[in-house]
Every structure is written in C-alpha cells, then in structure tokens.
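Following: one structure in structure tokens, then a few remarks.
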Amino acid sequence: MSGGAVASLPEGLLDGGVWFRVEAAPTASSVRRSAERLAVELGLPERRVADLSIVAAEAAGNLAKHADQGVLLLRAVRASGQAGVEIVALDSGPGMADLAHSFGDGHSTAGTLGIGLGAITRQATWCDIHSVAGRGTVLTAQIWPADAPAPVWAAGLTRPLTGEPVSGDAYAIRDADGRRQVMMCDGLGHGGLAAAAAHEAVRVFTDAPAAPPAAVLELLHRKLSHTRGAALAVAELDPDAGLVRYAGLGNISGTVISPLGPRRGMVSLPGIAGHQRRQIREYDYPITPDAIVLMHSDGVVDRWNPTDYPGLLTHSPLVIAATVLRDAGVRRDDAGVLVARLP
C-alpha cells in the first residue's frame, strides 16, 4: 500500500489501481490529487472531475478522522464504452449502527460539520455502503462521465502481499455469447513472476472462445505452460437453469452462499495450471436468486461468516468482496476475492 505525497500519476493506477493506507490528513490529500489525475487521464468532463475530487476527499477524510486501519483503493473502471473512477474505502473502526442517520448532513462523531457521507451520495454516480457497529464500514463509489452503466453482477478485489508492489492474484469477468463466466487466479508464489502468470491467465480467459468452464480451464492450462503457473477456477452462472457450473485446479476456494441456507463448497481438484494436472472436471451446483458465488485465493481464510454481517448479502458484489477481503484477507500472502450473483 502506498501513501504520502504523489507528484505524478502512480504507476499502475490505470490498471489494477493503487491501495492507500489512510491514517492522516496528508494522505487523504494525496488520494484526492491522485483521483483528479486519474480522472483527467481517463478524459472525464471537468464537472465530473470536480465531483470526484469531493468524493475522494470526503471518503479519505472520513478514514483519517474516524477509522481504525483505514485503507482506500483507487482504480479505473470501464463499461458501456466509457471509463470512470472507482473508490473503495475500508476500515475496521467503530462502524455505524444507524446508517441512514449517519448519511444525514449535520451528523458527526468527530466534531466536524458532518457532511461527508451526504456529499458522497450526492456527487457520486453510484455508491453503496455497509456498516456494522463494532466491525467497521465498507464504502464504494463510482464517478462516470455520464449515466451509470447497468448494475454489475460480479466484482472482485486483489491486494498484494505486504511489501510487494504487485499482486499474483487476479480475477476476470466476461459474457461470452451469453455465458456469464468469472475466473479467479493465484499465480504461483509472489511478486512479478506470479503477477505475470496471473495477467496471462486473465488475457487467455478474456479472449477464449465461448465454452463450458472445464473447456476454458483446459485451455488456460495449455496456455500457461510458459509461465510460473497458477491455481485457477472458472465458474459459469446460468440463471435459466439455476446452476453454477464450476471447474477448478489448485487452491482456489469456491462457495455458494445463501442468506437462508448453508454454505456449499465447490470442488477444485489438485494441480497447477500450466504444469501439473491429473484431470479437469466440471461440477454443477444449484443457486437461488438471493445467493452469491464467492471465490478467493488462499490469501483469504475461510473464517468469514455472513451471519456476522446483517444484510450484507443484499449489497453489491463489490461491497461483499471488500468486506471479505478486509476481514478474512491475510497480510503474509497476496489476497484476491471475487463475488458473483445471478444476473
């Protein structure tokens, strides 16, 4: 993670984004300036750059004033032929018991004017927030040049091992001739070579012909032979059949989680895509409209329990992924989380 003054657009900001550890006002100012530079690079209109500046300043300022272990991700997002800017702010602070009241202007817990959350909702094209008293808050916001694209059915986040500039974890989302598919990848090891393997997996997956998950995973296995290799899993969500079709190789965890039913783990077989495999098999799992598919690398532990987060599963995939990354991600490894639901 990075912080402090930023003299120019940080390397990688147009790609996977940049994490900031926000502990003081100077870092909050750096977040705002970086957001403005990113918006200009993406060609956002001047008025939307100004809106983004307010959102970034308020989101980062709230972390500096109120949060415990506050971090913020700033990254570009693209959809419907346009580019926007996304902010994801996470903290493990006191949280908010009455979220609706906290959004009202004039409410403050730090003796300030208390207009931050209200300003974010007014200036952002889209935002979503979930907070649990005693556990912290996750806030996500997007600023687009025009109207917001259609709501996303899947979203993910990755974070590098502490001290590493890049993550060996990656994810991808695609609609291939009506096949709604997602991929989670964990490049072998850490650092640049792991990241290169993960980036190659994203490229191959994105360009692969429309095919069932097992066939896509077989293609990924062949195409990654020149890399270090990776753990990989591909899931396809079929709303007509009410199924998740899943094929995994290596230590990617996949789970179907329903608000009313038990968690159901999905099978990934032993192996390393690109180097070692005994077999590739595809499994089908039932899924209901209120359930989610959660996939993550081994940098995220399975101690996360959705019952500890009332109402979370009704929120956007991005807020769910961010909550899991915050509370179940480990610092001694790259961490990646992907959440999808029936479109």
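The values are calculated or read from the model by the stated rules, or taken from the named source; none is laboratory data. Model, not experiment: these values are computed from the prediction. Every residue, glycine among them, receives a Cβ derived from its backbone with ideal geometry; neighbour counts consider all protein chains shown. The accessibility values were calculated without ligands, DNA or RNA, using every heavy atom of the protein model including side chains. Shrake-Rupley method; radii C 1.70, N 1.55, O 1.52, S 1.80 Å.
Worth pointing out:
- Estimated from the Cβ-Cβ distance and a Förster radius of 35 angstrom, the FRET efficiency linking ASP177 and ASN305 is about 0.40.
- Pairwise alpha-carbon distances in the stretch 254-329 exceed 18 Å for 46% of all pairs.
- Mean silhouette area of the chain, derived from the convex hull of its C-alpha atoms and averaged over all directions, reads 16.2 nm².
- A straight line joining the Cα centroids of the stretch 282-314 and the stretch 16-88 runs 28 Å.
- Dipole magnitude for the chain: about 460 debye, using +1 per Lys or Arg Cβ and -1 per Asp or Glu Cβ, origin at the Cα centre.
- Positive end of the dipole of the chain (Cβ unit charges, origin at the Cα centre): among PRO26, GLY189, VAL293, the Cα lying farthest that way belongs to GLY189.
- SER92-GLU164 FRET efficiency (beta carbon distance; Förster radius 22 Å; 0.05 resolution): 0.50
- Each of TRP126, TRP19 has its accessible area taken with a 1.4 Å probe; listed largest first, they run TRP126, TRP19.
- Per residue, the accessible area of the chain comes to 42 Å² when a 1.4 Å probe rolls over the protein heavy atoms.
- Modelled label reach - SER225, point 7 Å along Cα→Cβ, the stretch 271-314 residues with backbone N closer than 13 Å: 274-277
- Surface/4 of the Cα convex hull for the stretch 141-255, nm²: 8.8
- Between the residues GLN82, PRO145, ILE252, the greatest Cα displacement towards the positive end of the dipole of the chain, with unit charges on the Cβ of Lys, Arg, Asp and Glu, is found for ILE252.
- The stretch 289-343 - Kirkwood radius from inverse mean 1/r over Cα pairs (Å): 11.5
- The accessible area of VAL339, taken with all protein chains in place and a 1.4 Å probe, comes to roughly 0 Å².
- Estimated vicinal HN-Hα couplings, Hz - the stretch 175-181 in sequence order (Karplus 6.51, -1.76, 1.60; Gly, Pro = x): 10, 9, 6, x, 8, 7, 10
- Net lengthening on full extension, GLN276/ARG47 (0.36 nm per residue, minus Cα-Cα): 77.2 nm
- Kirkwood radius, the stretch 14-85, all distinct C-alpha pairs, inverse of mean reciprocal distance: 12.4 Å.
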